Amino acid sequence: MKRYLTISLILAMVLCAATGLAEPEKVRIGVLGKSVHPYWDVVRLGMEAAAKKLDVDATFYVPPTEDVPKQVETLETWIAMGFDGISFAPSDPDAVISVIKKAMGKGIHCISQDTDAPKSGRLCYIGTSNYSAGKMAGEKMAEILKGKGKVAICTGSITAMNSLERMKGFRDAVALYPDIKIVEPVLVDNEDTAKAVELAETALLNNPDLAGFFGVYAFNGPSAAKAVKSAGKAGKVHIVAFDTTDEHLFMIRDGLIDAAIGQRQYFMGYLSVVVLKDMVHAGKDATMMLMPKTAEGDVIIDTGVDIVTKDNLADYVKLMDEWGVKHQFKL
Ligand code: BGC
């Protein structure tokens, strides 16, 4: 995974070098996220760092919770404001197809980050390879449970591609262990933390033999951990989470979360600005020519993930410091 990040960073440098032309006006871009959460604060930080470095006028917006109409409305506003580029993370990829097509029709460069929408015609995707990351989570869960036990899956969305791909990867990985059973249905909370805790509490009550929770989104792992702690089952019910906000890091340190798949969302924000600015200046074709392609020719920058446990927590935090990702964590 580190290799992908290196490729991304080299690409960032090449693209930055290509943007040295005189510019009459600042490039204006918008970065759209999915919900108010410390996870998204890091995306914004990455966006701001790149915007400062490249002198781009960048706007960031996230709705309070998963809110498809609000995302579409924001995209419409940015089109009306004549932004040059948009990087979006759709809560529902189908719901943004027409607005993204409209933006592209007006010459606005559109790319996705965090969660994809390939059918929208977006030019590229920057983010985690969610199916493989979900698979890693499943393998980690199987290892922790020694191949046996009941697991509940908690997520904030059943429409966003990143959630669907993570869950598919997780299910495919644990399917190799006949003694691991997934509790159905999946617990869905629309990125509402209070609801996430409540759903996890109910799952614990309804399944006294529950062995684990898979937290698909950033707030899911900590929400399940709160429920497990208040049920007095810390250390008995294991949690594999996504993301590494301060809350996750403290919970890993305190043994409430067993493992987290750390996304590198700082680079999703950072590279969105780099790529969009270059598309405006050098042209989209010249920019895309430099970018990594899949076998099918799709343009994707895999920002990579890190599996974080108590054992490598100290090293991981050093890595965050090197990247310049701010945190309040102390060992
Ligand atoms: C996901 C985002 C989500 C965030 C906050 C992350 O794991 O990648 O799509 O909005 O969690 O819940």
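Calculate the dipole size of the chain relative to its Cα centre from +1 charges on Lys and Arg beta carbons and -1 charges on Asp and Glu beta carbons; express the result in debye to the nearest 20.
Using only the charged Cβ atoms, the result is roughly 420 debye.
Which angle from 0 to 90°, rounded to the nearest 10, does the C-alpha axis of helix 265-282 make with the longest principal axis of the chain?
Value to nearest ten degrees: 20.
So how long is each side of the range 168-254 along the principal axes, counting just the alpha-carbon atoms, biggest first, in Å?
Reported extents, whole Å, longest axis first: 34, 27, 25.
Projected onto the charge dipole of the chain (+1 at Lys/Arg Cβ, -1 at Asp/Glu Cβ, origin at the Cα centre), which of L256, T128, G283 gives the Cα projection farthest towards the positive end?
Of L256, T128, G283, it is L256.
Can you compute the charge dipole magnitude of the range 82-233 about its Cα centre, using +1 on each Lys and Arg Cβ and -1 on each Asp and Glu Cβ, nothing else charged? Give it in debye, rounded to the nearest 20.
Dipole magnitude for the range 82-233 comes out near 200 debye.
Could you work out which residue, out of M81, M268, M320, moves most in a Gaussian network model of the chain, that is, has the largest mean-square fluctuation with Cα springs under 10 Å?
Comparing M81, M268, M320 in the GNM, the peak value goes to M81.
Which far-off residues, 5 or more places away or on another chain, put their amide H under 5 Å from the one on I257, with H placed in the peptide plane?
Counting only residues 5 or more places away or on other chains, the set is I252.
In whole angstrom, and with the biggest value first, how far do the Cα coordinates of the chain range along each principal axis?
The Cα atoms of the chain stretch 64, 39, 36 Å along the principal axes, largest first.
Could you tell me which of H37, G82, P93 has its Cα farthest along the dipole of the range 24-121 towards the positive end, charges placed at Cβ (Lys, Arg +1; Asp, Glu -1), taken about the Cα centre?
Farthest towards the positive end: G82.
D for the range 251-315, whole µm²/s, Stokes-Einstein with Kirkwood Rh over alpha-carbon pairs at 10 °C and 1.306 mPa s: what number?
On the way: Rh = 14.3 Å.
Roughly 111 µm²/s, to the nearest whole number.
So if each residue of separation counts as 0.36 nm, and I subtract the Cα-Cα distance between K229 and L331, what length gain in nm does that give? Kindly include the intermediate steps, with their values, before the conclusion.
Working: separation 102, 0.36 × 102 = 36.72 nm, distance 2.02 nm.
Once the chain is fully extended between K229 and L331, it gains 34.7 nm.
Pairing the Cα long axis of helix 38-54 with the longest principal axis of the chain, what angle in degrees results, from 0 to 90 and rounded to the nearest 10?
It works out to around 20 degrees.
What value, in deg cm²/dmol to 500, does the helix sum -39500 (n - 2.57) over DSSP H runs of n ≥ 4 give at 222 nm once divided by the residues of the chain?
-14500 deg cm²/dmol
Tell me which of G235, V216, V62 sits at the most positive position along the dipole axis of the chain, charges placed on C-beta atoms (Lys, Arg +1; Asp, Glu -1).
Farthest towards the positive pole: G235.
Is the C-alpha gyration tensor of the range 114-224 telling us rounded, prolate or oblate? Criteria: a/c under 1.5 is rounded; beyond that, a/b larger than b/c is prolate, otherwise oblate.
It is oblate, given that a/c is not under 1.5 and a/b is not larger than b/c.
Mind listing which trypsin sites (Lys or Arg not before Pro) in the range 148-242 are in a DSSP loop and have 11 or fewer other Cβ atoms within 10 Å?
K236
Hey, can you grab everything whose amide H is under 5 Å from the amide H of G262? Only 5+ residues off in sequence or another chain; H modelled, so Pro and N-termini drop out.
Result for G262 returns D243, D306, I307, V308.
If you put +1 on each Lys and Arg Cβ and -1 on each Asp and Glu Cβ, how big is the dipole of the range 224-331 around its Cα centre, in Debye rounded to 20?
480
Return the long-range amide H neighbours of I301 (sequence gap of 5 or more, or a different chain), with a cut-off of under 5 Å between placed amide H atoms.
Placed amide hydrogens put Y125, I126, G127 under 5 Å from I301.
Compute the distance in nm between two label points, each set 7 Å from the Cα along the Cα-to-Cβ direction, one at K318 and one at A286.
According to this spin-label approximation, the distance is 4.1 nm.
Readers should treat all values here as calculations from the given coordinates under stated rules, not as data from a laboratory. Not measured: the values here are computed from a predicted model. Reconstructed Cβ throughout: ideal geometry from the backbone, glycine too, with neighbour counts over all protein chains shown.
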